[in-house]
Amino acid sequence: MLREDLIFVGTCDIAGLVRGKGFPAKELTARRKTGIGWTHSNLMQTCFGPILDSPFGTGGDLMIMPDPSCEVNVDFGDGSAPEHFFLGDIRNTDGTPWECCVREFLRRAVASLEETSGLHLIAAFEQEFVYTGVEDLPGHAYSLSAFRRQGIFGESLVAAIREAGAKPDSFLAEYGPRQYEVTVAPQTALRAADQGVIAREMARAASYRLGHRAIFSPMPVADGVGNGVHIHFSLHEKSGRPCTYDADDPLGLSDNAAHFAAGILHHLPAIAAITAPSPVSYLRLTPGRWAPTTADIVKQDRGAALRVCPVFGTAKPKKTAAQFNLEFRVCDAAASPYMALGAVIFAGADGIARKLSLPETGTAPSLPHSLGEALDVMEKSQQIAGWFGPTFFEAYLRHKRSELASVAGLDPAALCARYAEVY
Ligand code: GLU
Ligand code: MG
């Protein structure tokens, strides 16, 4: 069969999907300078495809510029076209960043943390999904049988992640039927989000080649087991010295880490609209699912919004400080990793800037019970409006509200089925 290499350039947009365009690989040198054409209303493509509302109309041009540090070229060796793509930035035609670019949102968040504290953040994405290529047998949560029965999917996924330039940390059979989890090693914020996107896409790519799907929907089946995206993070000084840990604090948190966590909890009812941005996200954030229901921080508790993670195999302060991290659990794969991590960092940086204190135990407010509720809380926040900028803020709210209106009236089972088709 006659073939010619193609390359795709895209970004993981506010619908949490990687979208962009392809071109012949021979044109890469030119495309590095001109990118691919894009338009403002592409931002308004809902997760279902159609643009249901847009402040931008049909006018205007943008470009997605491939980031040379974010090239994936993975040949699965089965004769299929390689996964050759770049993640990139959405720019205005004069080359300046577009205010609604998701990677730019994260860069602004990183800058705000740096400006307020001189610190930077290291993060890792731990992602759960359902692999459809395995028989659903009861009673096999975390079992060797469930681990084995996925066949070569796990090996293929781990190899693809490594080939794509990320370091796989773990792959396991999870608690739910046909549910698996993959985690990559920690990186600086932008790279961690890039690799969160890449890990998700490699799971989809490996599944596709095996004739199956990796379903990341936050709640694939109503009353089933949720798929979380857990963001592990730690704070570091410019020198690289870890500074999240303080042995004298009951939670083990340094002052800056406590302020950072307090900022996240303070903004959580609002930023849930960014980190858990689908109606089915709120079916996951319900009791009894090892998913959070309140804006709390708890030591080693998988039901908390912020889990203070354990440290394994050492009691030495220096080694403890190097491993010590927090885990943000109010996140799922309907969120773009750039937006979710950006919101966490903006909120944490604000906590440091205002020296916010952690709430007293037992006083944590409930998380929003629906996306509509979260969007209403977010709309009232001047500060969050400032993180976005006016154009992006309005576009985000209109995007999400138009998506919500399009599924209004669906019962939980139909809603979950609809989102499982997408994610
Ligand atoms: N599936 C749970 C969630 O939705 C998490 C289970 C775990 O702790 O790994 O977040
Ligand atoms: Mg898990």
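Before moving on, here are some points about what is shown:
- Counting all C-alpha pairs of the range 248-345, share separated by more than 20 Å (%): 39
- Gyration tensor over the Cα atoms of the chain: the corresponding equivalent ellipsoid has semi-axes (square roots of 5 times the eigenvalues, largest first) of 30, 26, 23 Å.
- Exposed GluC sites (Glu not before Pro) absent - longest run of the chain, DSSP non-H/G/I/E/B, at most 14 other C-beta within 10 Å: 5-134
- Per DSSP, loop trypsin sites (Lys or Arg not before Pro) in the range 362-411 with at most 15 further Cβ within 10 Å: 380
- Label positions at residue 148 and residue 381, each projected 7 Å from the Cα along the C-beta direction, are separated by 4.8 nm.
- Full extension of the chain between residue 406 and residue 137 yields a length gain of 93.4 nm, computed as 0.36 nm times the residue separation minus the alpha carbon distance.
- Of the chymotrypsin sites (Phe, Trp or Tyr not before Pro) in the range 85-148, the ones in a loop by DSSP (not H, G, I, E or B) with at most 13 other beta carbons within 10 Å are 142.
- Sorted by Cβ density within 10 Å, fewest first, the residues 119, 144, 251: 144, 251, 119
- The helix-only estimate of mean residue ellipticity at 222 nm for the chain, built from DSSP H runs of length n ≥ 4 each weighted as -39500 (n - 2.57), is -11500 deg cm²/dmol after division by the residue total.
- Cβ-Cβ distance of residue 236 and residue 172, R₀ of 22 Å, FRET efficiency by 1/(1 + (r/R0)^6): the value works out to about 0.20.
- A Gaussian network model of the chain, with springs between Cα atoms under 10 Å, assigns the largest mean-square fluctuation among 248, 376, 296 to 248.
- Rounded to the nearest 20 debye, dipole of the range 96-157 from Cβ charges on Lys, Arg, Asp, Glu: 100
- In a reduced charge model with +1 at each Lys and Arg Cβ and -1 at each Asp and Glu Cβ, the chain shows a dipole moment near 460 debye about its Cα centre.
- Computed FRET value (nearest 0.05) for residue 58 with residue 299, which takes r as the C-beta separation and R₀ as 45 Å: 0.30
- Shown for the chain are the DSSP H helices of 27 Å or more along their axis, judged by Cα atoms, with a mean Kyte-Doolittle hydropathy of at least -0.5: 189-209, 255-275.
- Net length available on complete extension from residue 92 to residue 323 is 79.1 nm, with 0.36 nm assigned per residue and the Cα-Cα distance removed.
Where a number appears in this text, it was derived from the coordinates with a stated rule and is not lab data. What you are looking at is a predicted structure, and each value in this text was computed from that prediction instead of being measured. Using ideal geometry, Cβ is built from the backbone for each residue, glycine included, and neighbour counts are taken over all protein chains shown.
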